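The structure appears right after this line, and notes come after that.
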Amino acid sequence: MDHVRNRPVTVLEPPSWAAVRPLAALARLRQFSDLLLTLSAHRISVRYKQSRLGAAWAVLQPLAIMVTFTAVFSLLGGVPSEGIPYGLFAYAALVPWTAFASGLSSATGALTGHASLLGKVSFPREILPLTYVVAAVSDGAIACIALAALMAWYGVGLSIDALWAVIALVLLILWLVGTGLVLSAIQVRHRDVGLAMPVLLQIWMFATPVVYPLALARGKLSPGLYFLYTVNPMTGIVDTFRRGLVLHTGPDPLALGVAAGVVCALLPAAYLYFKYAELTMADVV
Amino acid sequence: MSDIDVRLEGVGKMYRLGTRRSADTFWALKDFNLEVHRGSSVGMIGPNGAGKSTVMKLLAGITAPTAGRITIVGALSALIEVGSGFHPELTGRENVFLSGAILGMRRRDIAARLDRIVSFAGVERFVDTPVKWYSSGMYVRLGFAIAAHLQPDVLLVDEVLAVGDAEFQARCLARIRELQRDGVTILFISHDLSAVEQLCDRAVLLDRGTTIAEGPPDEVVSIYHRRSTAGQRIAVPGDDPAYARQALKLTNLTFHARTASIPTTFRTAEPLVVQVRYEADERLDPIRFELAFYSADGRQLHATLESVETVAPPEGIVQFEIPLLPFQPGAYYVGVVARDARTSHVLDWWDGGSMLHVETSGKASAGQIFIPHSTRVLTIGSGAAIKRDSIEFDRETG
């Protein structure tokens, strides 16, 4: 054994906010980066095991919702779709939305689903929800292939505004990480979170401009309500993604600005909360 | 050697019994202090619920203490069975990488040790088979082998001897000794007291969350023995309460190392005296006193059947003298039955507080029993008389 090397000193104390050392936690997370990679790869490879359609499900889920809403809205007389076919309009938003929804619901159960591991081995617990985020984003990448095919079909190309979609994607991942950390940690103590998840996500989808344009909400809501509407970062994220990719316009400054602000404020807070909850997680899971 | 790698200061851990805030609380560990010097091995012993596993969980960082402060110098890992992290669909090889990563190993380090891990677990032929088809033994061995190939500065070992068969346990012990030679600081939990005596420089006896004793392992183990002997009632197999209350009553059973001396420690190959006190209502003759020894798992190891006595009122002592204790170190149950020698009718029996803890003696021996023996080397050819006296197995001389 190498005695010359500097030995790390670990101090373990009763749970308190002071006992949460975010920089040390991040350094430890880096140390375990191979676990994040191995576990994420494993997550992706077992995701569609024993299913006939396999990875096609990544495309089918948003596609099915898109077809449903296309049918429903064409019966109801249609919804404005900013000058492009409604199917493409809706699908371009459903790709980030589905990645978020499936990522959040699977990340929420990440810790409770590995209870025996939590009681036995010590590793940065955030890795568990993070692997589900990686898996959801990789599903989103597959869904993007179908989006590209749809764009080609309708003759919609790419413009420089697509870079805005990349920014939206980064925000989406950060937001997913933040919410996944918080909800998975709460789920350890209160399983209500997981039970509320399906209905929460359904309401959340309608509170986000996924199957209708942002302009519709801006036109119908009072300024105060509209601001609240944009505090939901998914509004800015989904709208920016769709505009940049298929509408070839820049983002709505307010929607994107608020979304970026909320995401950047939440993420550090979420990580601190998670590391605080982690201290006694094994006792209650 | 004076560096302290592990230090616990006033450490406590409280659990809530129930989920509500008002739920009752329970201290699994209370004001616990411990210092472990670099390169030393400390064993923690104590009954179930003493708080040993809580100490391990706190040190491993699985959960935070409720009070106090723990300081660990160096990379710490736990030698535990990590099969719970296995995915049944993945092959043995894939699971080694997955579990190794959970334990904090780098991919390239796991790759470098893969062959050693697999051969340690003895699953070379099945390395590319999904672990769902492994036998439970293979599963556990592989889970353990991964942890055994970590290279920590501080190692926690929790009940290593409960894993696998005898051969695998021997391999685990050899691995622990190897790590000791490398200067790894070790904290060792085991119910196997002789393993603690063999492996550790120091032992700590815990009970109900507090330290009872700390010091050289043999001393601490013998304190543990004396504590657990006191006030423990174990039913001897074959007892039947229907025989209660007869003309003869056994009231007490005590162990003595030598006649009439106070109870001390009992060692393999040393004399043991068992005294049974009785009360009798009348003169009884003939009475047969049977003394039986049982292993910890309840098998009868020996029963004396021949001691026929006359019993006189009001009370007296029956003394069994064993010139040489033939048991290896461990715990044994002792029972005494008094019968009417003519009818074999049971008059009374004794099973209370009669646990005999045998400790290791200076004589080197192994196995389940101790056989009195001596060893000589005979030189063939020099002493013809010796050769003629012995039984010949050699065909040439036949």
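Condition (residue is at pLDDT below 90, out of contact with any Phe, Trp or Tyr (no Cβ under 8 Å at 6 or more places or on another chain), more than 7 Å from every other protein chain (Cβ to nearest Cβ) and surrounded by fewer than 20 Cβ atoms within 10 Å (Cβ to Cβ)) applied to region B:80-89: is it met by at least one residue? Reasoning before the result, please.
Of the residues in region B:80-89, the ones at pLDDT below 90 are B:80-89.
Still in the list and also out of contact with any Phe, Trp or Tyr (no Cβ under 8 Å at 6 or more places or on another chain): B:84-85, B:87-89.
In the following step, the residues that additionally are more than 7 Å from every other protein chain (Cβ to nearest Cβ) were identified as B:88.
Now restrict to residues that are surrounded by fewer than 20 Cβ atoms within 10 Å (Cβ to Cβ): B:88.
The answer is yes, given that some residue of region B:80-89 is at pLDDT below 90, out of contact with any Phe, Trp or Tyr (no Cβ under 8 Å at 6 or more places or on another chain), more than 7 Å from every other protein chain (Cβ to nearest Cβ) and surrounded by fewer than 20 Cβ atoms within 10 Å (Cβ to Cβ).
I'd like to know if region B:58-76 contains one or more residues that are facing chain A (nearest Cβ under 10 Å), within 24 Å of A:Val121 (Cβ to Cβ) and modelled with pLDDT under 80. Before you say what the answer is, go through the steps one by one.
The first filter runs over region B:58-76 and keeps only residues facing chain A (nearest Cβ under 10 Å), leaving B:58-76.
This time we only want the ones that are within 24 Å of A:Val121 (Cβ to Cβ), so: B:58-66, B:68-76.
With modelled with pLDDT under 80 added as a condition, the list becomes none.
Within region B:58-76 (the criterion being facing chain A (nearest Cβ under 10 Å), within 24 Å of A:Val121 (Cβ to Cβ) and modelled with pLDDT under 80), the answer is no, since none of the residues qualifies.
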Exercise for the section: Say whether the condition of being free of Cβ contacts under 8 Å to residues at least 24 places away in the same chain and either more than 22 Å from the chain's Cα centre (by Cα) or within 30 Å of A:Leu181 (Cβ to Cβ) (or both) is met by at least one residue in region A:90-108. Expected result: no
Problem - A:Ala64 vs. criteria more than 14 Å from chain B (Cβ to nearest Cβ), surrounded by fewer than 23 Cβ atoms within 10 Å (Cβ to Cβ) and either under 18 Å from the mean Cα position of the chain (by Cα) or not hydroxyl-bearing (Ser, Thr, Tyr) (or both) - result: yes
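Given the criterion surrounded by fewer than 24 Cβ atoms within 10 Å (Cβ to Cβ), away from chain B (no Cβ under 14 Å) and hydrophobic (A, V, I, L, M, F, W, C), identify the matching residue among A:Leu117, A:Leu88. Full working, then the answer.
On the way: A:Leu117 fails: away from chain B (no Cβ under 14 Å).
Answer to the selection: A:Leu88.
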Exercise for the section: With the condition kept exactly as written, say whether any residue in region B:121-140 is of a type in the set (A, V, I, L, M), within 14 Å of chain A (Cβ to nearest Cβ) and more than 15 Å from A:Ala41 (Cα to Cα). Expected result: yes
Fill in the blank from the handout: Selection from region A:71-86 of residues outside any helix (DSSP H, G or I) and among the polar types (S, T, N, Q) yields A:Ser81
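Have a look at A:Leu245, A:Leu272, A:Leu279, A:Leu266 and point out the one that is hydrophobic (A, V, I, L, M, F, W, C), closer than 30 Å to A:Thr68 by Cβ and out of contact with any strand residue (DSSP E or B) (no Cβ under 8 Å at 6 or more places or on another chain).
Details: A:Leu272 fails: closer than 30 Å to A:Thr68 by Cβ; A:Leu279 fails: closer than 30 Å to A:Thr68 by Cβ; A:Leu266 fails: closer than 30 Å to A:Thr68 by Cβ.
Sole residue among the options that is hydrophobic (A, V, I, L, M, F, W, C), closer than 30 Å to A:Thr68 by Cβ and out of contact with any strand residue (DSSP E or B) (no Cβ under 8 Å at 6 or more places or on another chain): A:Leu245.
Residue by residue, here is whether (1) closer than 27 Å to A:Asp192 by Cβ; (2) crowded, with 19+ Cβ neighbours inside 10 Å; (3) away from chain B (no Cβ under 14 Å) holds:
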| residue | (1), (2), (3) |
| --- | --- |
| A:Leu104 | yes, yes, yes |
| A:Gly109 | yes, yes, yes |
| A:Leu128 | yes, yes, no |
| A:Val133 | yes, yes, yes |
| A:Gly140 | no, yes, yes |
| A:Cys144 | no, yes, yes |
| A:Asp161 | no, no, yes |
Practice task
Could you please give the count of residues in region A:109-127 that are of a type outside the set (Lys, Arg) and in contact (Cβ under 8 Å) with a residue 60 or more places away in the chain?
Solution key: 11
Problem - When residues of region B:25-47 are limited to those that are surrounded by fewer than 23 Cβ atoms within 10 Å (Cβ to Cβ) and farther than 21 Å from B:Pro65 by Cβ, the one modelled with the lowest pLDDT - result: B:Pro47
Exercise for the section: Can you work out which of the residues in region B:90-108 that are more than 8 Å from every other protein chain (Cβ to nearest Cβ) and in contact (Cβ under 8 Å) with a residue 24 or more places away in the chain is surrounded by the fewest Cβ atoms within 10 Å (Cβ to Cβ)? Expected result: B:Thr91
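Got a sec? Which of A:Leu272, A:Leu195, A:Leu181, A:Leu228 is buried (at least 16 other Cβ atoms within 10 Å of the Cβ) and not charged (D, E, K, R)?
Numbers: A:Leu272 fails: buried (at least 16 other Cβ atoms within 10 Å of the Cβ); A:Leu195 fails: buried (at least 16 other Cβ atoms within 10 Å of the Cβ); A:Leu228 fails: buried (at least 16 other Cβ atoms within 10 Å of the Cβ).
Among A:Leu272, A:Leu195, A:Leu181, A:Leu228, only A:Leu181 is buried (at least 16 other Cβ atoms within 10 Å of the Cβ) and not charged (D, E, K, R).
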Practice task
List the number of the failed condition for B:Gly10; all other conditions in (1) more than 30 Å from A:Ile186 (Cβ to Cβ); (2) surrounded by 15 or more Cβ atoms within 10 Å (Cβ to Cβ); (3) touching an Asp or Glu at 6+ places or on another chain (Cβ under 7 Å); (4) within 11 Å of chain A (Cβ to nearest Cβ) hold.
Solution key: (2)
Practice task
State whether one or more residues within region A:28-39 are more than 8 Å from every other protein chain (Cβ to nearest Cβ), assigned to a helix (DSSP H, G or I) and more than 24 Å from the chain's Cα centre (by Cα).
Solution key: no
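The values are calculated or read from the model by the stated rules, or taken from the named source; none is laboratory data. Please read all numbers here as calculations on a predicted model, not as lab measurements. Backbone-built Cβ (ideal geometry, glycine too); neighbour counts: all protein chains shown.
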